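The values are calculated or read from the model by the stated rules, or taken from the named source; none is laboratory data. Fair warning: this is a prediction, and the values are worked out from it, not measured in the lab. When we count neighbours, we look across all protein chains shown, and the Cβ atoms used for this are built from the backbone with ideal geometry, even at glycine. For the accessible areas, the whole protein counts, side chains as well, though only heavy atoms, and no ligand, DNA or RNA atoms are used. Shrake-Rupley method; radii C 1.70, N 1.55, O 1.52, S 1.80 Å.
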Amino acid sequence: QLQLVESGGGLVQPGGSLRLSCAASGFTLDYYAISWFRQAPGKEREGVSCINSGGMTKYTDSVKGRFTISRDNAKNTVYLQMNSLKPEDTAIYYCAASRLVCRATSYSYDYWGQGTQVTVSS
């Protein structure tokens, strides 16, 4: 079974921090780009960040300077460190894998996790 499993979500106050994890099983992430997407109720899914197989990273403008994506291939895991959280960051966060490079569209990704809820109270 090929799976991505997110963890680390929860309830935090504005200005707080969370670290999300995306762990792969059944395959190795070495040759995959991993993206984090998020979806809030009533809104479309949006890309948050991506790290490609070479370790290069991308961020959407709204999270630049606050979020950091990283990968630990030895642990077959990708992380999203989220600092200075805002209420508008509230969403279900999903990780997704694509071959080698980050993709512009969510339907280009091969594997998806089940999502983890992030709630920033106000």
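Data overview
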read-out: Unmet criterion (only one of (1) over 23 Å from TYR111 (Cα atoms); (2) in a loop (DSSP other than H, G, I, E, B)) for GLY55; value: (1)
read-out: Boolean, PRO14 is closer than 24 Å to ASN83 by Cα, modelled with pLDDT of 95 or more and open to solvent by 30 Å² or more (accessible area, probe 1.4 Å); value: yes
read-out: Residue ranges of strands (runs of 3 or more DSSP E) in the stretch 66-122 with at least 3 members within 13 Å of the chain's Cα centre (by Cα) and among the aliphatic types (A, V, I, L, M); value: 77-82, 91-99
read-out: Subset of the stretch 50-72 [under 19 Å from TYR31 (Cβ atoms) and either modelled with pLDDT under 95 or touching a strand residue (DSSP E or B) at 6+ places or on another chain (Cβ under 8 Å) (or both)]; value: CYS50, ILE51, ASN52, SER53, GLY54, GLY55, THR57, LYS58, ILE69, SER70, ARG71, ASP72
read-out: Residue list for the stretch 65-122, filter: under 17 Å from PRO14 (Cα atoms), crowded, with 19+ Cβ neighbours inside 10 Å and in contact with a helix residue (DSSP H, G or I) (Cβ under 8 Å, 6 or more places away or on another chain); value: MET82, ASP89, VAL118, VAL120
